[in-house]
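The values are calculated or read from the model by the stated rules, or taken from the named source; none is laboratory data. Computed from a predicted model, the values in this text were never measured in an experiment. Cβ atoms come from the backbone with ideal geometry, glycine included; neighbour counts cover every protein chain shown. SASA here: full protein model, heavy atoms, side chains in, ligands and nucleic acids out. Shrake-Rupley method; radii C 1.70, N 1.55, O 1.52, S 1.80 Å.
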Amino acid sequence: MLLLKQILLLSILSLSLYAHALKENYLQVDYNQTTNILNINLEVETRLLQEKYTFMDDNKNEIVSHKEMRNHQKVLLEYVTSHISFYAKEKPLSLEDSNISIHRYDEQTYMQINKSYQGISLDDLEVEYDMFFELEDTHKLLIHLSDNRGDFVLSKDLQHYKFTSTVMSQWERFIVFIQEGIVHILDGLDHLLFILMLLIPIVALKGSYLQLFKIITVFALAHSITLFISGFGLYVPSVTLVESAIALSIFVVASLNFFKLYAHVNYKIVFIFGLMHGFGFANVLKIGQVSDTTSFLVALFGFNLGVEFGQIFMVLLYLIPLYFIRDNKYKGQVIKVVTFVTAIISVVWFLQRVGLL
């Protein structure tokens, strides 16, 4: 059993280093059919660039300032342009002479690359993207097209997109965001571990499926509330606060399970922590910043529905192994190992997200 603990600990800790990306990159494309001017605005989150190019820390204080990034702007631009390519009628579009700036947004530093092109039709535009995938498997590029033409996501599994001037229907937008909601929940190991910790007390106490349904419903209701609050911009907490709070929520529930305090994993604590997770889900909705209310609501509801679908899928998946340990004589030991490892992972995440690790 000791060996099993060590194996689980080492394997899951290695996964934890790549479990959650705080940020994505953003591409805003605007096209004026009257003037035939195409504008490309690329926002590159520099966290991974700072990790990749440590030499940018000129004064060796372990903090890469805006000034230091500007000093090494040429290197940064070379990396970006080698990992994103735009084409018009299969001919490459140069990003040279772009307007470049470094700025802060949501406690993260971005490199903004902006360039306009004359005489290029949106229907001829294509993009190839493979930035950061060698550093972070779950990294994404969120694409937003103006005038309600559409919203799209590029990832390691989908690196090419061909633009179109055809206005996206609301049904197509709904489907896009359902898919993104499903992917977001399945990519987020922290959310998945939290759901698993919610199921442990039901297994340990041999609870009913009705109890399972109630717990998951409370969690879904809570994160839906804050997803909509943040999505509408009524209250948007800092990314660091939200992500560290999510890690803390996992630690608390895992610890309660480890010490067999299952009764404390009740509806109240699930609802409170569910509110935190909802703010985490809302981070991806920057892609939903469309100009009209209808399109935004479609994106918001679609994404939330996708998150629920992903959550239901994972609950059903978890139930298979949990069913086999429910009446197993080693159930207590298995729960101890799983909750202990989960608690350790959540501590690592917390320290990473508050900048202490």
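Just a few scattered comments:
- Subset of the stretch 22-32 that is over 14 Å from Leu125 (Cα atoms) and touching a helix residue (DSSP H, G or I) at 6+ places or on another chain (Cβ under 8 Å) - its residue that is modelled with the lowest pLDDT: Leu22
- Restricting the search to helices (runs of 4 or more DSSP H) fully inside the stretch 39-128 and requiring at least 2 residues that are open to solvent by less than 30 Å² (accessible area, probe 1.4 Å) and at pLDDT 85 or above gives 73-81.
- Count - residues of the stretch 153-179 that are touching a helix residue (DSSP H, G or I) at 6+ places or on another chain (Cβ under 7 Å) and assigned to a strand (DSSP E or B): 1
- Among the residues of the stretch 210-222, those that are open to solvent by 10 Å² or more (accessible area, probe 1.4 Å) and not charged (D, E, K, R) comprise Leu210, Gln211, Leu212, Phe213, Ile215, Ile216, Thr217, Val218, Ala220, Leu221.
- Only one entry of Asp124, Asp151 meets the criterion of being touching a residue at least 60 places away in the same chain (Cβ under 8 Å) and over 23 Å from Phe258 (Cα atoms), and that entry is Asp151.
- Residues being open to solvent by less than 60 Å² (accessible area, probe 1.4 Å) and of a type outside the set (D, E, K, R) - total across the stretch 314-343: 15
- Residues that are among the aromatic types (Phe, Trp, Tyr), open to solvent by 30 Å² or more (accessible area, probe 1.4 Å) and modelled with pLDDT of 90 or more are absent from the stretch 148-159.
- Residue count for the stretch 289-340 satisfying the condition of being modelled with pLDDT of 85 or more and either touching a Ser or Thr at 6+ places or on another chain (Cβ under 9 Å) or among the hydroxyl-bearing types (Ser, Thr, Tyr) (or both): 5.
- Cross-chain or 6+ apart pairs with Cβ under 6 Å, the stretch 65-89 first and under 26 Å from Lys162 (Cβ atoms), then assigned to a helix (DSSP H, G or I): Ala88/Asp124; Lys89/Asp124
Yes/no matrix, rows are residues, columns are (1) surrounded by fewer than 18 Cβ atoms within 10 Å (Cβ to Cβ); (2) more than 14 Å from the chain's Cα centre (by Cα); (3) farther than 24 Å from Trp349 by Cβ; (4) free of Cβ contacts under 8 Å to residues at least 60 places away in the same chain:
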site: Ser208; (1), (2), (3), (4): yes, yes, yes, yes
site: Ser224; (1), (2), (3), (4): no, yes, no, no
site: Ile229; (1), (2), (3), (4): yes, yes, no, yes
site: Asn257; (1), (2), (3), (4): no, yes, no, no
site: His264; (1), (2), (3), (4): yes, yes, no, yes
site: Phe271; (1), (2), (3), (4): yes, yes, no, yes
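- Any hit, the stretch 289-296, residues being hydrophobic (A, V, I, L, M, F, W, C), buried (at least 18 other Cβ atoms within 10 Å of the Cβ), more than 25 Å from Val348 (Cβ to Cβ) and touching a strand residue (DSSP E or B) at 6+ places or on another chain (Cβ under 8 Å): yes
- Every residue from the stretch 231-241 that is loosely packed, with under 14 Cβ neighbours inside 10 Å and over 20 Å from Val298 (Cβ atoms): Tyr235, Ser238
- In the set Leu142, Leu135, only one residue is of a type in the set (A, V, I, L, M, F, W, C) and open to solvent by 40 Å² or more (accessible area, probe 1.4 Å); that residue is Leu135.
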